[in-house]
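Okay, structure first, notes after.
The values are calculated or read from the model by the stated rules, or taken from the named source; none is laboratory data. Keep in mind it's a predicted model, so treat the numbers as computed, not measured. Because the Cβ atoms are built from the backbone with ideal geometry, glycine has one as well, and the counts that use them run over all protein chains shown.
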Amino acid sequence: MASSISITVDVDGVSYTDDVEPRLLLVQYLRERLGKTGTLIGCDTTNCGACTVHLDGVSVKSCTMFAVQADGHTVTTIEGMAQNGKLSPLQEAFHQCHALQCGFCTPGMIMQSASLLAENPHPTEDEIRDGLEGNLCRCTGYQNIVAAVKSVADGVEYGDSGVSATIEDTRTGALS
Amino acid sequence: MTTTTEAAGTGRAEVGKARLRKEDNHLITGRSRFTDNMVLPGMLHLALVRSPYAHARITAIDVSEALASPGVITVLTGADVAGEQGSLPNAWPITPDQKAPAHPAIAVDEVAFAGEVVACIVGRTAAAARDAVELVDVSYDELPVVLDLEEAATDAVLAHTSLESNRSATWVFDSGEAGTGKPIADALAGAEVLIERTFHQQRLIPAFMEPRSTVVDPTGEQIIMWSATQVPHILRLMLALTLGIPESKVRVIAPDVGGGFGGKLQVTPEEIITVLAARHTGKPCKYTETRSESLQAAHHGRAQVQRLRLSATREGIVTGLDVNLLADMGAYLGLVTSGVPILGAFMFNSIYKFPAYRFECTNVFTNKAWTDAYRGAGRPEATFAIERLMDELAVELGMDPLELREKNWIKHEEFPFTTVCGLEYDSGNYEAATAKALELFDYDGLRAEQAQRRAANDPVQLGIGISTFTEMCGLAPSRVLGALSYGAGGWEHAQVRVLPTGNIEVVTGSSAHGQGHETAWSQLVADKLGVPFENVEVLHGDTQISQRGLDTYGSRSLVVGGMAVLAAADKVIDKAKVVAAHLMEASEDDIEFSAGAFTVKGTDRSTSLGEIALATFAAHNLPDGFEPNLDSDATFDPVSFSFPHGTHLAAMEVDTETGAVHIRKYVCVDDIGVVVNPLIVEGQVHGGLAQGIAQALYEEAVYDDAGTLVTGSFVDYLVPSAPDLPHYITGRTETPSTTNQLGAKGVGEAGTIASTPAIVNGVLDAVRHLGVKDILMPCSPSRVWRALEEAKTAGTNTTGGVQ
Ligand code: FES
Ligand code: FES
């Protein structure tokens with residue numbers, strides 16, 4: 001086994017220095033060494049997007065990178081998205097639009113959506129779908145995920161009634 | 001919103017409301033509890049050595065090099081555990097003479113599909129275990145493989161050397177013999193029109209997003225298993241039976257489970273192996289599959305060849321249906337493998353009044369991964385066949401396909417209706433669902449556009465696909481399952497506990513993996529007991545907490561599990577009434593319960609459920625002989641299935657130059673009876689549609705001639721992503737079920753069942769005038785293009801041109 005390499009990575013606002021094997025994937029480093037199990041592994045071929053995190057603000061599939069490649073960089077995971085106990089707008093929108101069922105794809109979807117909106121703050125429905133192409137969801141059929149991302153782009157503010165206001169919209173087919 | 005108004009009108013505050021899910025918070029913030037997140041002190045990790053051959057004899061296994069590899073604790077082979085691993089269970093022997101090979105978790109001397117486990121490495125880390133997989137030296141003698149279903153049925157090559165035939169069992173239903181209809185032979189002989197077709201249900205892979213994972217802790221008095229399973233209760237029982245451990249010594253926990261779709265309705269070799277490894281090492285062990293292993297070795301679904309004959313009159317009245325199936329079991333029988341086609345047997349007649357029906361299915365072994373339940377299990381296969389046939393009949397008669405369906409379906413006023421299979425459909429309104437679907441779809445407008453495109457010879461043609469359907473939900477009445485030789489009942493259990501604070505704990509035997517039980521059950525109980533939604537806590541998925549249950553599959557959660565919850569809540573009310581009468585010094589008959597309050601009739605004397613809860617907890621002043629506390633249990637076994645139905649319409653654009661298929665518009669109207677949470681229902685419909693559309697257009701498990709899975713990763717197995725799917729337009733009608741208190745029918749499988757035929761009928765409708773008669777699923781661009789080319793050639797031939 002090749003010897004370990006020391007890396008320093010800022011993850012969700014905390015700086016970590018660790019010795020890692022060169023072959024350790026970033027996702028394994030996050031999950032197994034840092035206990036950040038919010039980032040999930042759904043495939044071994046870089047296809048499902050469950051492991052998506054941000055590297056210096058841009059989405060990457062953390063199963064596609066080695067931990068050593070993150071040395072000196074800033075990583076944000078789903079666990080760093082809520083700030084001071086307040087959900088990020090996308091997290092809130094996923095909840096409000098029922099954009100998750102089993103929730104396994106959800107962290108990756110939220111991270112990818114955030115990156116997508118950072119690049120294109122006012123995407124069309126087609127642009128959102130294209131932007132999520134690398135993230136698979138087996139439960140939702142994507143419609144409510146698209147609606148969630150669109151609602152953030154449109155600046156929808158959600159109250160806390162506990163009852164969805166969006167249900168009628170998704171049923172009649174209007175996304176506006 | 002309409003549903004809320006209706007709900008308010010019937011005095012229901014919560015049922016019908018689009019409540020946001022209680023389950024979401026931890027999932028959107030990354031505090032999930034999926035099995036692979038679990039870490040236990042001293043935990044060891046497993047990696048499995050799998051057969052590269054589809055059929056071979058194992059002649060020797062040398063593990064010495066693997067054992068010497070750094071970080072390897074032990075290696076287990078089939079021979080090492082032969083005496084203790086049992087045979088994996090098949091709980092549904094469909095006939096008394098059903099044949100099945102023994103199915104050890106680790107193969108002992110023969111492997112029957114590529115991916116079968118031949119050894120298990122136990123390592124200190126996952127990487128150490130995985131590194132040693134290559135070091136296990138297995139010697140194989142290759143055996144002939146049989147992969148094609150029809151070839152397997154001939155027995156020319158045997159999938160198992162231990163069997164004399166590949167035929168596992170043949171199961172027959174004949175309406176003439178059963179006395180539920182006329183003899184099929186008469187119908188076929190007297191047919192004015194006879195449609196004969198063969199359809200192929202390709203092999204699909206459930207492809208839940210969370211790979212299967214199991215952690216077993218053997219260090220306490222009990223063996224505790226966490227597993228990504230849909231069926232913790234069944235799994236516990238089967239572990240006990242398979243491994244000879246008393247049930248009380250096994251506890252199964254299904255924490256967060258990342259999707260199932262039938263794919264996690266199984267007792268897997270991997271789960272058994274993890275228990276064996278934990279017992280051998282005395283340490284907690286974890287196994288998490290890779291995606292490639294999952295695609296290769298978790299069970300597959302569908303895989304049938306359907307030969308059908310449909311007889312009808314010239315006016316379009318169907319007189320009989322004869323179904324002959326070959327069903328691919330793959331290499332082994334899983335938990336309910338053999339019963340899947342039988343579930344379909346009752347759905348080929350769908351929503352129609354067919355007077356004669358015969359169904360015969362032969363279950364056949366091949367050298368492929370075994371098949372078992374996949375979303376809809378048997379019913380999507382049946383619905384596809386009949387809805388394709390109805391379209392073929394319509395074409396034959398030159399009739400509008402909707403008009404043909406209307407002529408044959410059960411009219412609203414004819415319910416309850418006993419079908420040619422002997423099932424009683426309690427309620428339905430196919431007219432209403434279809435009318436609403438047509439309205440949302442703009443049927444006439446799209447038909448006009450279709451005619452224009454045809455006339456203009458547009459390279460992009462438009463087709464309209466129709467599918468109407470019903471399904472059998474709420475598995476199930478136990479005595480019916482018994483009559484079908486299923487090894488268990490179909491009841492569900494629940495407990496409602498009223499805590500001293502007045503808060504409610506609901507324990508359900510139904511185990512969720514994304515369906516939103518916690519939210520829906522809270523709504524049910526909030527209405528029933530008149531407590532706030534927030535004050536209800538729902539517990540599930542742990543056999544120690546939810547002591548009895550039959551878990552989650554077949555859209556049974558609400559219509560069986562939910563009813564059990566309501567029944568338990570009813571008992572709570574009955575008990576509380578006794579105490580209320582005692583405390584208010586009134587007669588029990590004078591106590592009325594409404595919205596959480598017990599009132600003495602005709603007075604203003606009243607006490608709340610919370611006050612009674614505290615009184616029964618303190619137990620200072622209770623009627624003589626009254627047991628303290630208000631907790632109640634109920635087990636619900638429905639009198640019948642429930643039968644949701646609907647009409648789906650798809651407008652399909654087909655590029656005749658490239659074969660590319662595009663869904664221009666998709667409309668579905670589902671009638672699932674009374675809806676508890678429209679938000680959850682909507683999500684279930686969307687997800688179901690995605691899976692049904694995927695069968696029509698994208699997915700297929702493909703093997704090469706040697707029996708190696710070619711679609712062994714998400715690169716080749718095409719689970720659709722967001723741009724592959726349309727924006728669905730959904731609507732509902734509500735015809736309450738009359739066989740349960742709530743009037744609910746079940747929704748989990750509806751979208752999957754109805755969408756596949758709607759899409760394929762639409763694709764064919766777009767190109768039928770060009771001579772295309774059928775296209776195999778999935779209707780990929782290359783298949784569609786080839787079908788168009790072949791039709792062209794055939795067309796030239798008939799006009800005497802190119803030979
Ligand atoms: S786990 Fe990284 S893309 Fe699937
Ligand atoms: S919510 Fe289950 S995979 Fe997306």
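What about A:C51, is it more than 9 Å from chain B (Cβ to nearest Cβ), within 14 Å of ligand 2 (Cβ to nearest atom) and modelled with pLDDT of 95 or more?
Details: more than 9 Å from chain B (Cβ to nearest Cβ): yes; within 14 Å of ligand 2 (Cβ to nearest atom): yes; modelled with pLDDT of 95 or more: yes.
Spelling it out, A:C51 is indeed more than 9 Å from chain B (Cβ to nearest Cβ), within 14 Å of ligand 2 (Cβ to nearest atom) and modelled with pLDDT of 95 or more.
Here is a check on your reading of the model: is A:V60 away from ligand 1 (no atom under 13 Å from the Cβ), in contact with a strand residue (DSSP E or B) (Cβ under 9 Å, 6 or more places away or on another chain) and farther than 23 Å from B:G514 by Cβ? Break it down stepwise before answering.
Working: away from ligand 1 (no atom under 13 Å from the Cβ): no; in contact with a strand residue (DSSP E or B) (Cβ under 9 Å, 6 or more places away or on another chain): yes; farther than 23 Å from B:G514 by Cβ: yes.
No.
Filter the stretch B:13-25 down to residues that are more than 8 Å from chain A (Cβ to nearest Cβ) and not small (G, A, S), then give me how many there are. Break it down stepwise before answering.
Let us first name the residues in the stretch B:13-25 that are more than 8 Å from chain A (Cβ to nearest Cβ), namely B:13-16, B:22.
Filter once more, keeping what is not small (G, A, S): B:14-15, B:22.
Residues that pass the stated criteria total 3.
Please tell me if B:L204 is more than 16 Å from ligand 2 (Cβ to nearest atom) and over 30 Å from B:C779 (Cβ atoms).
So B:L204 fails the test.
Anything in the stretch A:105-130 that is within 16 Å of ligand 2 (Cβ to nearest atom) and out of contact with any strand residue (DSSP E or B) (no Cβ under 7 Å at 6 or more places or on another chain)? List them, or say none. Give the steps one after another, and end with the answer.
Step one: of the stretch A:105-130, the residues within 16 Å of ligand 2 (Cβ to nearest atom) are A:105-113, A:128-129.
A:C105, A:T106, A:P107, A:M109, A:I110, A:S113, A:I128, A:R129, listed by residue number.
Within the stretch B:581-609, how many residues turn out to be assigned to a strand (DSSP E or B) and either touching a helix residue (DSSP H, G or I) at 6+ places or on another chain (Cβ under 8 Å) or acidic (D, E) (or both)?
Filtering the stretch B:581-609 down to residues assigned to a strand (DSSP E or B) leaves B:591-594, B:597-600, B:606-608.
Next, only the ones that are either touching a helix residue (DSSP H, G or I) at 6+ places or on another chain (Cβ under 8 Å) or acidic (D, E) (or both) stay: B:591-593, B:597-598, B:600, B:607.
Matching residues across the stretch B:581-609 total 7.
Pairs under 8 Å by beta carbon, first residue in contact (Cβ under 8 Å) with a residue 12 or more places away in the chain and part of a loop (DSSP other than H, G, I, E, B) in the stretch A:126-145, partner charged (D, E, K, R) and within 16 Å of ligand 1 (Cβ to nearest atom), six or more apart or different chains?
Listed pairs, sorted by first residue: A:G134/A:K61.
It is to be established whether one or more residues within the stretch B:566-576 are surrounded by fewer than 19 Cβ atoms within 10 Å (Cβ to Cβ), within 46 Å of the chain's Cα centre (by Cα), of a type in the set (D, E) and within 30 Å of B:F643 (Cβ to Cβ).
There is at least one residue in the stretch B:566-576 that is surrounded by fewer than 19 Cβ atoms within 10 Å (Cβ to Cβ), within 46 Å of the chain's Cα centre (by Cα), of a type in the set (D, E) and within 30 Å of B:F643 (Cβ to Cβ).
Got a sec? Which strands (runs of 3 or more DSSP E) wholly within the stretch A:8-96 have at least 3 residues that are within 12 Å of the chain's Cα centre (by Cα)?
Numbers: elements: A:14-20, A:52-55, A:58-61, A:74-76.
Passing ranges, in order: A:52-55, A:58-61.
Hey, among B:V138, B:V172, B:V122, which residue is part of a strand (DSSP E or B), away from chain A (no Cβ under 14 Å) and more than 30 Å from B:L48 (Cβ to Cβ)? Reasoning before the result, please.
Numbers: B:V138 fails: more than 30 Å from B:L48 (Cβ to Cβ); B:V122 fails: more than 30 Å from B:L48 (Cβ to Cβ).
Answer to the check: B:V172.
Quick check on this structure: which one of B:A494, B:A476 is in a loop (DSSP other than H, G, I, E, B) and under 30 Å from B:D256 (Cβ atoms)?
On the way: B:A494 fails: in a loop (DSSP other than H, G, I, E, B).
Of the residues listed, the single one that is in a loop (DSSP other than H, G, I, E, B) and under 30 Å from B:D256 (Cβ atoms) is B:A476.
Which ones in the stretch A:113-135 are surrounded by 19 or more Cβ atoms within 10 Å (Cβ to Cβ) and facing chain B (nearest Cβ under 10 Å)?
Scanning the stretch A:113-135 gives A:I128, A:R129, A:G131, A:L132, A:N135.
Looking only at the stretch A:74-101, count how many residues are in contact (Cβ under 8 Å) with a residue 24 or more places away in the chain, more than 16 Å from ligand 2 (Cβ to nearest atom) and surrounded by 17 or more Cβ atoms within 10 Å (Cβ to Cβ).
Here the count works out to 9.
Which condition breaks for B:E247 when tested against (1) surrounded by fewer than 24 Cβ atoms within 10 Å (Cβ to Cβ); (2) within 14 Å of chain A (Cβ to nearest Cβ)?
Here B:E247 meets the rest and fails (2).
Return the only residue of B:V710, B:V715 being free of Cβ contacts under 8 Å to residues at least 40 places away in the same chain, within 13 Å of chain A (Cβ to nearest Cβ) and either among the aliphatic types (A, V, I, L, M) or surrounded by fewer than 20 Cβ atoms within 10 Å (Cβ to Cβ) (or both). Explain how you work it out, then say what you get.
Values: B:V710 fails: within 13 Å of chain A (Cβ to nearest Cβ).
Just one listed residue meets the conditions, B:V715.
So A:L30 clears everything in (1) among the aliphatic types (A, V, I, L, M); (2) away from ligand 1 (no atom under 16 Å from the Cβ); (3) touching a strand residue (DSSP E or B) at 6+ places or on another chain (Cβ under 8 Å) except one condition, right? Which one?
(2)
Name the pairs: first residue in the stretch B:720-736 and under 14 Å from A:V146 (Cα atoms) and more than 7 Å from chain A (Cβ to nearest Cβ), second residue surrounded by fewer than 22 Cβ atoms within 10 Å (Cβ to Cβ) and of a type in the set (K, R), Cβ to Cβ under 8 Å, at least 6 apart or on different chains?
Going by the 8 Å Cβ cut-off, the qualifying pairs are B:P726/B:R664; B:P726/B:K665.
For the stretch A:33-59, enumerate the residues that are closer than 19 Å to B:R291 by Cα and without any contact (Cβ under 8 Å) to a residue 12 or more places away in the chain. Lay out the reasoning, then the answer.
Residues of the stretch A:33-59 that are closer than 19 Å to B:R291 by Cα, as a first pass: A:37-52.
A:T37, A:T45 - these are the residues of the stretch A:33-59 that are closer than 19 Å to B:R291 by Cα and without any contact (Cβ under 8 Å) to a residue 12 or more places away in the chain.
Please work out if B:R21 is farther than 21 Å from B:P284 by Cα, part of a strand (DSSP E or B) and among the charged types (D, E, K, R). Don't jump to the end; show me each part of the working.
Details: farther than 21 Å from B:P284 by Cα: yes; part of a strand (DSSP E or B): no; among the charged types (D, E, K, R): yes.
Here the answer is no, as B:R21 does not meet what is asked.
Okay, residues lined up against (1) away from ligand 1 (no atom under 16 Å from the Cβ); (2) farther than 27 Å from A:Q143 by Cα:
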position: A:T8; (1), (2): yes, yes
position: A:T37; (1), (2): no, no
position: A:E79; (1), (2): yes, no
position: A:Q101; (1), (2): yes, no
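Filter the stretch B:722-750 down to the residues that are hydroxyl-bearing (S, T, Y), crowded, with 22+ Cβ neighbours inside 10 Å and part of a loop (DSSP other than H, G, I, E, B) and list them by number.
B:T735, B:S737, B:T739
Quickly run through the stretch B:250-287 and pick out the residues that are within 14 Å of chain A (Cβ to nearest Cβ), touching a strand residue (DSSP E or B) at 6+ places or on another chain (Cβ under 8 Å), buried (at least 24 other Cβ atoms within 10 Å of the Cβ) and over 19 Å from B:L88 (Cα atoms).
Of everything in the stretch B:250-287, those that are within 14 Å of chain A (Cβ to nearest Cβ), touching a strand residue (DSSP E or B) at 6+ places or on another chain (Cβ under 8 Å), buried (at least 24 other Cβ atoms within 10 Å of the Cβ) and over 19 Å from B:L88 (Cα atoms) turn out to be B:A254, B:V257, B:G258, B:K286.
Return yes or no: is B:S292 out of contact with any Pro (no Cβ under 7 Å at 6 or more places or on another chain), among the small types (G, A, S) and within 16 Å of ligand 1 (Cβ to nearest atom)? Full working, then the answer.
Details: out of contact with any Pro (no Cβ under 7 Å at 6 or more places or on another chain): yes; among the small types (G, A, S): yes; within 16 Å of ligand 1 (Cβ to nearest atom): yes.
In short, yes.
Quick one: what pairs do we get from the stretch B:476-490, first residue under 13 Å from B:V639 (Cα atoms), second at pLDDT 90 or above and of a type in the set (K, R), C-beta under 9 Å, 6+ apart or different chains?
B:G489/B:R479
Answer yes if at least one residue in the stretch B:199-213 is in a helix (DSSP H, G or I) and under 30 Å from the mean Cα position of the chain (by Cα), and no otherwise. So that I can check it myself, show each step before the final result.
To start, the set of residues in the stretch B:199-213 that are in a helix (DSSP H, G or I) comprises none.
No - not one qualifying residue is present in the stretch B:199-213.
Just one of A:C97, A:C105 is within 19 Å of A:G141 (Cβ to Cβ) and within 16 Å of ligand 1 (Cβ to nearest atom); which is it?
Working: A:C97 fails: within 16 Å of ligand 1 (Cβ to nearest atom).
Exactly one residue qualifies, and that residue is A:C105.
Only one of these is farther than 30 Å from B:E734 by Cα, within 14 Å of another protein chain (Cβ to nearest Cβ) and buried (at least 19 other Cβ atoms within 10 Å of the Cβ): B:I61, B:I106, B:I94, B:I28. Name it.
Being farther than 30 Å from B:E734 by Cα, within 14 Å of another protein chain (Cβ to nearest Cβ) and buried (at least 19 other Cβ atoms within 10 Å of the Cβ) holds for just one of B:I61, B:I106, B:I94, B:I28, which is B:I28.
Of all the residues that make up the stretch B:367-412, how many are out of contact with any Lys or Arg (no Cβ under 7 Å at 6 or more places or on another chain), part of a loop (DSSP other than H, G, I, E, B) and touching a residue at least 12 places away in the same chain (Cβ under 8 Å)?
The qualifying residues number 12.
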